1. Where in region 56-140 are there strands (runs of 3 or more DSSP E), lying wholly inside it, with at least 3 residues that are more than 16 Å from Phe156 (Cα to Cα), in contact (Cβ under 8 Å) with a residue 40 or more places away in the chain and outside the structural domain of Ser24 (by TED's automatic domain parsing)?
2. Given the structure, is Asn93 polar (S, T, N, Q) and surrounded by fewer than 24 Cβ atoms within 10 Å (Cβ to Cβ)?
3. Of the residues Ile86, Ile44, Ile20, which single one is under 22 Å from Ile128 (Cβ atoms) and crowded, with 23+ Cβ neighbours inside 10 Å?
4. Restricting to region 141-166, what's the tally of residues that are assigned to a loop (DSSP other than H, G, I, E, B) and closer than 22 Å to Ile193 by Cβ?
5. Mind checking which residues of region 167-176 are in a loop (DSSP other than H, G, I, E, B) and either crowded, with 17+ Cβ neighbours inside 10 Å or in contact with a Phe, Trp or Tyr (Cβ under 9 Å, 6 or more places away or on another chain) (or both)?
6. Is at least one residue of region 219-237 at pLDDT 95 or above, of a type outside the set (Gly, Ala, Ser), in contact with a Leu (Cβ under 6 Å, 6 or more places away or on another chain) and not in a strand (DSSP E or B)?
7. With respect to Lys70, determine if the residue is touching a helix residue (DSSP H, G or I) at 6+ places or on another chain (Cβ under 9 Å) and closer than 27 Å to Thr96 by Cβ.
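The values are calculated or read from the model by the stated rules, or taken from the named source; none is laboratory data. Only a predicted model underlies this, so the values are computations on that prediction, with no experimental measurement involved. Here the Cβ positions follow ideal geometry from the backbone for every residue, glycine too, while neighbour counts run over all protein chains shown.
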Amino acid sequence: MIHGTAIVSSKAAIAEGVEIGPYSIIGDEVTIAAGTVIGPHVIIKGPTTIGERCRIFQFASIGDDPQDLKYHGEHTLLTIGDNNTIREYVTINRGTEGGGGITSIGSHNLIMAYCHIAHDCRLGNNIIMSNCATLAGHIIIEDHAIIGGLVGVQQFVRIGAYAMVGGVSGVPQDVPPYVLAAGERTKLSGLNIVGLKRHGFSPEVISELKAAYRIFFRSGLTVKRAVQTIEEEGLESAEVQYLSTFIQNSERGVLRK
């Protein structure tokens, strides 16, 4: 299942059933689990671990050194989970010592062509990154988030679960969970209602999230007073509590309207 023109290091660990296409290069300390398909002209450098049933398309560059001037050859990692699709010309860099030493990607993600995931980013599961979306270093993206095409996300930003960032947006601050955000300097534009319904959120939960959104982002209240108001109004769902905790714990501050 390994093409004759591929170059695979003797220090790589390749499971049975892995396919490696023409002219691909697999370096030292690369581990690839069963069922993964590597297309032609792919470069994977280690230390990198790739899970089961992933598909990596032609000309992707996976696990190369971080683009960080503070990096001087330290032993850092990239881990990629199961069932990920990584399209053409995607670049994913390993971590840096200052960022914890690891870039990690969960499972069931779709990373479309020309995306870039920089050092020390941590992606969850079931994420979609559309074409040419780019992540600077130290970014966290939570489960089921969608990042539109030509989006640039500033370093240390966190994007919450089930959030959607529209195309051609620049994201300088945290994007709360469950919301829609877009714009050259990204602003919030409401809840991601369509996404929440598609993922089976109940009408009661969506109604509570709408109320919490108005309190946090449309009332003019401080975060502290907004949290008190949510408690006073009895908005107690786990989703509202998660939204509240996300906002209170934000280090960069969250996007506003």
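1. none
2. So Asn93 does not fit the description; no.
3. From the options Ile86, Ile44, Ile20, the qualifying one is Ile86.
4. 12
5. Across region 167-176, the qualifying residues are Ser169, Gln173, Pro176.
6. no
7. yes
Every residue, every condition in (1) among the charged types (D, E, K, R); (2) without any contact (Cβ under 8 Å) to a residue 24 or more places away in the chain; (3) within 20 Å of Ile147 (Cβ to Cβ), yes or no:
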{"residue": "Thr186", "(1), (2), (3)": "no, no, yes"}
{"residue": "Ile193", "(1), (2), (3)": "no, yes, yes"}
{"residue": "Ile215", "(1), (2), (3)": "no, yes, no"}
{"residue": "Ala226", "(1), (2), (3)": "no, yes, no"}
{"residue": "Glu232", "(1), (2), (3)": "yes, yes, no"}
{"residue": "Ala238", "(1), (2), (3)": "no, yes, no"}
{"residue": "Ser244", "(1), (2), (3)": "no, no, no"}
{"residue": "Gln248", "(1), (2), (3)": "no, no, no"}
{"residue": "Gly253", "(1), (2), (3)": "no, no, yes"}
